[in-house]
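Read-outs: derived from the displayed coordinates by stated rules, not from any lab. On a predicted model such as this, the values are computed, not experimentally measured, just so you know. Cβ placement follows ideal geometry from the backbone for every residue including glycine, while neighbour counts extend to all protein chains displayed.
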Amino acid sequence: MSSVDEESTRYGQEISDTKTVWMKITREKEKRVNEQIFLRGQPLEKVESFKYLGSTISADGENTKFLRNF
């Protein structure tokens, strides 16, 4: 993550450490534990789902919340 942050800064952009979250998408639950990503020495929040362009994406790769809205 530090190289992405460094390149962003080089082009006048800043990654927000308060707004940035991360998610690992995998169907294997045991592979989704005890992982951290750091930005400027601070751990980023890991989430199990997030909303993107009106769809809810979940860590198991499902998109069922979007489909239920129809």
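Couple of notes before you dig in:
- Sorting the segments 39-52, 1-14 by their residues' average number of neighbouring beta-carbon atoms within 10 angstrom, most packed first, yields 39-52, 1-14.
- Segment K46-E62, length gained on full extension (0.36 nm per residue, minus Cα span): 4.0 nm
- Among Q13, G41, I25 the positive-end extreme of the charge dipole of the stretch 3-54 (Cβ point charges): I25
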